[in-house]
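Coordinate-derived values only; no laboratory data. Keep in mind the model is a prediction, meaning the values are calculated, not measured. Don't worry about glycine lacking a Cβ; one is built from the backbone with ideal geometry, like all the others, and counts go over all protein chains shown.
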Amino acid sequence: MSDLPAPEAPAPDPRPTPTEPVADPGAAAELDVAELDVTAPDVAVAPAPVEAAVAALPWWDSAVFYQIYPRSFADSNGDGVGDLGGVREHLDYLRDLGIDALWISPVTRSPMADHGYDVSDPRDIDPLFGDLAAMDALLAAAHERGIKVTMDLVPNHTSEEHPWFRAALTARPGSAERARYVFRDGRGPGGDEPPNNWPSIFGGPAWSRVVEPDGTKGQWYLHLFAPEQPDLNFDNPEVVDDLEKTLRFWLDRGIDGFRIDVAHGLAKPDGLPDLEIPATQLMVGSVEDSRFDNPGVHEIHRRIRRVTDEYRAVTVGEIWVDDNERFGKYLRSDELTLGFNFRLARAQFTADDIRDAITNSLAAVDAVDAVATWTLSNHDISREVTRYGGGRIGTARARAMALVVLALPGVPFLYNGSELGLADVDLPDAALQDPMFFRSGGLMRGRDGCRVPLPWDGVAPPYGFTTGSSTWLPMPDDWAKLTVAAELDDPTSMLELYRAAIALRRSRPEFAAGSAFALLPAADGCVVFQRGQGLVCVVNTTDEPMQLPPGEVLLSSAPMDGDRLAGDAAAWVAL
Ligand code: NOJ
């Protein structure tokens, strides 16, 4: 199993769908949380002395982040691929949505074998997205609107077209050029077998063999992802120095921080031993997977932190590590400032899964006094509407979960298009571009379905995404009601729900960073948690309406029926 949950396979939902009869309709009694005992939390985080603490907190502790997948956000030059100009043109939309910070997926120079996660020059902008001037202009325009900008940093590997890798191919085994990467002799007769049994995340072996300059079959190099993404050797000081140079390059231009790709994979285990579990059982995030989460990784994060602290910049690491204690280590006060925890993105829409994800995510960060992050989807993970069942029910559940992530203590990351309620698009094979699809021989459909360009206005593709006629991935014919323009006109839309929720999150003291959190006892199928002194978020994962506790309903994801909350819905109630 890869660390990138297959977008094409929404997890099966153990609950009956609305068209199936419940096992015993008579037994589905109306749920009632009116008698909530708010003094008896299941899991509680002690209230911090809010005012004093908030003043001292860094900006990211109370921020709402928005992930821009630049190819798919907005196209300003008509070539059908989104770009930095497109982001800049829509900054007012983002400001009005209420977000505080952007995470922009890679826009650095790349031959695009993995859509920018294969970087050939980490200190320049790829012409597909613009140039350095376009980045500077975007930064200035975002800052004018009070929006911070963070960008993706891809330290684990380069592109095969990076000058370092090209030099390594023409250099000799044992040379300084090869020592920047992970080159090894093969095993077996003639060195014809890869140096170890590691599989690549995208399928096939994690090693490729090179042809030496004299034409003979040569060494093998490591690539945890595609062959076009050779892994760097972080034991080599030159590699770490170059990373520092990249950090400073962007920080000096005014970038507010970085999302760090494969933050748990930078250090490799001594001797590169075989994996002891069969590849078919691989669980990235499990302690058995020696390709990731090796002890040496922490010194690399300390080095990064020393630099980012000089600029008071944020770092958020991609950390696929399930064990809470090991996860927490990345967030010690001298390492990453934030870490992606993907538990909610993997949770099904059941009370147990949601509660478990919340409890574990908080436990992982509490131990090191760090702040949690919450995410329902990203460019690697199936969109939440699809994961929760698709269609009307998937949308209803995604609306409910929007109220969950925006009420939890910590930092929500919204993936572009979530606020419109987009679902994955079922693309024809001929349209697919993800290397995961090709490397796995079609076994994994890959991540293109959650990367389809955003619809802005109009009633047919390309829905204002581009002034050109085609888009890099085809857009579906049935998105007319999901465009930004259509949703701004519809008070019941997902977009209006997000805008209302983010505005309330800003204005209510219960949601302030450092404000208390407690998971409360709740009826079967419900999750209830409290923020501050008496605001509760109630989630009803059943398909029966439930009575809310007495109080003022500030916001609900579905129309209220008196004081009853519909199934597959959530509400914020001021008690
Ligand atoms: C994680 C990124 O999110 C994903 O899109 C990419 O393919 C891999 N890292 C490799 O960089």
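Under the rule of at least 5 residues apart or a separate chain, name every residue whose amide H is placed under 5 Å from the amide H of Y181.
Hits under the 5 Å cutoff: N233.
Considering only G203, S175, G218, whose Cα is most displaced toward the positive end of the charge dipole of the range 163-222, charges sitting on Cβ of Lys, Arg (+1) and Asp, Glu (-1)?
With unit charges placed on the Cβ atoms, the residue in question is S175.
Return one number: the angle in degrees, 0 to 90 and rounded to the nearest 10, between the long axis of the Cα atoms of helix 237-252 and the longest principal axis of the Cα atoms of the chain.
It works out to around 50 degrees.
Can you give the relative contact order of the range 163-222 as a percent, counting alpha carbon pairs under 8 Å and 6+ residues apart?
In percent, rounded to a whole number, it is 31.
If you average the sequence gap of Cα pairs under 8 Å that are 6 or more apart and divide by the length of the chain, what percent do you get for the contact order?
19 percent
Using the alpha-carbon atoms, what tilt in degrees (0 to 90, nearest 10) does helix 297-310 show relative to the longest principal axis of the chain?
Computed tilt is about 70 degrees.
Please list the non-local residues whose amide H lies under 5 Å from the amide H of G339, H modeled 1.01 Å from N, same-chain partners needing a gap of 5 or more.
Long-range HN contacts for G339: G317, T373.
Taking the Cα atoms of the range 163-222, report the difference between the largest and smallest coordinate on each principal axis, in whole Å and largest first.
Reported extents, whole Å, longest axis first: 26, 26, 16.
Among W456, P428, L153, which residue has its Cα positioned farthest towards the positive end of the charge dipole of the chain, with +1 placed on the Cβ of Lys and Arg, -1 on the Cβ of Asp and Glu, and the dipole taken about the Cα centre?
L153
Can you give me the C-alpha center-to-center distance between the range 320-345 and the range 508-575, rounded to a whole angstrom?
28 Å
Cα axis of helix 132-144 to longest principal axis of the chain: angle in degrees, 0 to 90, nearest 10?
Helix 132-144 and the main axis of the chain meet at about 20 degrees.
Summing +1 for each Lys or Arg and -1 for each Asp or Glu, what net charge is found among the other residues whose Cβ lies under 11 Å from the Cβ of D490?
Taking every other residue near D490 into account, the sum is -2.
To the nearest 20 Debye, how big is the dipole of the range 200-246 about its Cα centre, given +1 on the beta carbon of each Lys and Arg and -1 on that of each Asp and Glu?
It comes to approximately 320 debye.
If the cut-off is 22 Å between C-alpha atoms, which lysines fall inside it for K148, apart from same-chain ones fewer than 8 positions away?
Hits, sequence-local ones excluded: K245.
Whose amide H sits under 5 Å from the amide H of D152, counting only residues 5 or more places off or on another chain, with H placed in the peptide plane?
For D152, the qualifying residues are I104, V107, R259.
Evaluate the charge dipole of the chain about its Cα centre and quote only its size in Debye, nearest 20, assuming +1 on the Cβ of each Lys and Arg and -1 on the Cβ of each Asp and Glu.
It comes to approximately 920 debye.
Could you tell me what percent of the DSSP beta bridges with both partners in the chain are antiparallel, to the nearest 5?
Among the beta bridges of the chain, antiparallel pairing accounts for roughly 60 percent.
At 222 nm, what helix-only mean residue ellipticity would the chain give, in deg cm²/dmol to the nearest 500, using -39500 (n - 2.57) for each DSSP H run of four or more?
-7000 deg cm²/dmol
Just in the range 65-129: which trypsin sites (Lys or Arg not before Pro) are loop by DSSP and have at most 16 other Cβ atoms within 10 Å?
Sparse-neighbourhood loop trypsin sites (Lys or Arg not before Pro): none present.
Add +1 for every Lys or Arg and -1 for every Asp or Glu among the other residues with Cβ under 14 Å from the Cβ of A430, and state the total.
-3
Going by C-beta contacts inside 10 Å, put H301, H379 in order with the fewest on the left.
So the ranking, lowest neighbour count to highest, is H379, H301.
For the range 414-482, take the alpha-carbon Rg, divide it by the Kirkwood Rh, and send me Rg/Rh.
Ratio of gyration radius to Kirkwood radius for the range 414-482: 0.99.
Could you give the dipole magnitude of the range 163-222 about its Cα centre, charging the beta-carbon of Lys and Arg +1 and that of Asp and Glu -1, in debye to the nearest 20?
With Lys and Arg at +1 and Asp and Glu at -1, about 160 debye.
Can you list the GluC sites (Glu not before Pro) in the range 154-259 that are in a DSSP coil and have 13 or fewer other beta carbons within 10 angstrom?
When the GluC sites (Glu not before Pro) of the range 154-259 are filtered for loop state and at most 13 Cβ neighbours within 10 Å, nothing remains.
Residue-wise, which Karplus ³J(HN,Hα) couplings in Hz belong to the range 223-231, taking 6.51 cos²θ - 1.76 cosθ + 1.60, θ = phi - 60°, and x for glycine or proline?
9, 5, 10, 6, x, 6, 10, x, 6
What is the gain in length, in nm to one decimal, between D131 and A574 on full extension, counting 0.36 nm per residue of separation less the C-alpha to C-alpha distance?
154.7 nm
Using Cα pairs under 8 angstrom and six or more residues apart, how large is the relative contact order of the range 329-481, in percent?
The value is 17 percent.
Below 9 angstrom from the Cβ of K481, what's the summed charge of the other residues (Lys, Arg +1; Asp, Glu -1)?
-3
Could you tell me which of T350, A480, H379 has its Cα farthest along the dipole of the chain towards the positive end, charges placed at Cβ (Lys, Arg +1; Asp, Glu -1), taken about the Cα centre?
Value: H379.
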